[in-house]
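Peer 1: For reference, the structure I am asking about is given below.
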Amino acid sequence: VNSVGGYFTLSLVDDLETIVISADESAADLKTKLQSLSHVQGNVEVERMDTSSVDEDDNEQEQRTWLVTFVGGNDGDVPLLVSNTDDLSGSTLVVTETTKGTGLTMNVIVDDLEEGRYYSARVAAVNSVGSGSWTEAWSMR
């Protein structure tokens, strides 16, 4: 049996945080590690599937698949996972996005405005990392 061994790393595109994943990592441990990434705000579901196949030379090949689903609270589309497999043996690693998330549309309705008066508004994004810069003020009537 050609078995999978070693480890690989995962990070989100354009993110400096990296997690180390053992080739025999449990689904529960991978979930915990993914949720430790600061850009992952919601829940993560992880399913691990172990299979084997026989190659053309009758050698049994061990295969391992983790299905990762980002759900609830992740503010739309989570950046794609990128991997480094330099320390992984007996297998290759493929990261595939099967369903793209959707960006969020944000809006607010302000009640009780008086006709004919001028109003100004500014917005800033806030997440677990902190607050963004305020936009320029918009004035409207």
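Peer 1: At Thr69 and Ala137, where each label point lies 7 Å from the Cα along Cα→Cβ, what is the point-to-point distance in nanometres?
Peer 2: 4.7 nm
Peer 1: Applying 1/(1 + (r/R0)^6) with R0 = 25 Å to the Cβ-Cβ distance of Glu97 and Ala124, what FRET efficiency is obtained, to the nearest 0.05? Could you put the intermediate results ahead of the total?
Peer 2: Working: r = 29 Å, r/R0 = 1.18.
With R0 = 25 Å, the Cβ-Cβ based efficiency is 0.25.
Peer 1: Over the Cα atoms of the range 5-89, Rg to Rh with Kirkwood Rh, two decimal places? The partial results should precede the final answer.
Peer 2: Working: Rg = 14.5 Å, Rh = 14.1 Å.
Taking Rh as the inverse mean 1/r over Cα pairs, Rg/Rh reads 1.03.
Peer 1: What distance in nm separates the simple spin-label points at Asp55 and Ser38, each placed 7 Å from Cα in the Cβ direction?
Peer 2: Distance between the two pseudo-spin positions: 4.2 nm.
Peer 1: Let me ask another. Would you please state which residues of the range 20-52 a label at Thr9 would reach in this model, taking the label point 7 Å out along Cα→Cβ and a backbone N cut-off of under 13 Å?
Peer 2: Correct set: 20-21.
Peer 1: Suppose all protein chains stay in the model; what accessible area per residue would a 1.4 Å probe give for the range 5-89, in Å²? Mind showing how you got there, number by number?
Peer 2: Values: 4890 Å² over 85 residues.
Counting only protein heavy atoms, the per-residue value for the range 5-89 is 58 Å².
The values are calculated or read from the model by the stated rules, or taken from the named source; none is laboratory data. Nothing here was measured: the structure is a model prediction, and the numbers come from that model. Reconstructed Cβ throughout: ideal geometry from the backbone, glycine too, with neighbour counts over all protein chains shown. For the accessible areas, the whole protein counts, side chains as well, though only heavy atoms, and no ligand, DNA or RNA atoms are used. Shrake-Rupley method; radii C 1.70, N 1.55, O 1.52, S 1.80 Å.
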